[in-house]
Amino acid sequence: AVKVAFDIDSPMTADSYVKAVHVFADGNPTPDVASFNYSPASGACGASTRMRLAKTQNIIVLAEMGDGSFQQASATVKVTIGGCGG
C-alpha cells in the first residue's frame, strides 16, 4: 500500500477555491482511485489516503477549481516485488 497525500494552497474563499480533487493511478484497471469534494466553507484543501499498486505507475492529482479551471500534478511511484529493490 502506498500513501498518497496532497495539500493545495488556496484561499478557499467564494471567489477562489478548490471544488474537487481527483486521484488517478494510470496503471490500474480502474484508474479513478478517489475523489474529494470541497467548498469555501472547508477552509483548507488537503487529504491523504492509501492505495494498493501492483506495478510502477504514475499517480496523478487533478484539482478542479471553483472557476472551472484545472490544475494537475503527477509523480511516478516505483513498485518493486517484495517491497525492496533498487
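The values are calculated or read from the model by the stated rules, or taken from the named source; none is laboratory data. Not measured: the values here are computed from a predicted model. Don't worry about glycine lacking a Cβ; one is built from the backbone with ideal geometry, like all the others, and counts go over all protein chains shown. Ligands, DNA and RNA are excluded from the accessible area calculation, which covers all protein heavy atoms including side chains. Shrake-Rupley method; radii C 1.70, N 1.55, O 1.52, S 1.80 Å.
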- Every pair of residues 6+ apart whose Cβ atoms lie under 7 Å, when the first sits in the stretch 31-43 and is modelled with pLDDT of 95 or more while the second is of a type in the set (S, T, N, Q) and assigned to a strand (DSSP E or B): Ala34/Thr49
- Breaking point among (1) open to solvent by less than 70 Å² (accessible area, probe 1.4 Å); (2) in contact with a Phe, Trp or Tyr (Cβ under 9 Å, 6 or more places away or on another chain); (3) without any contact (Cβ under 8 Å) to a residue 40 or more places away in the chain, for Ile59: (3)
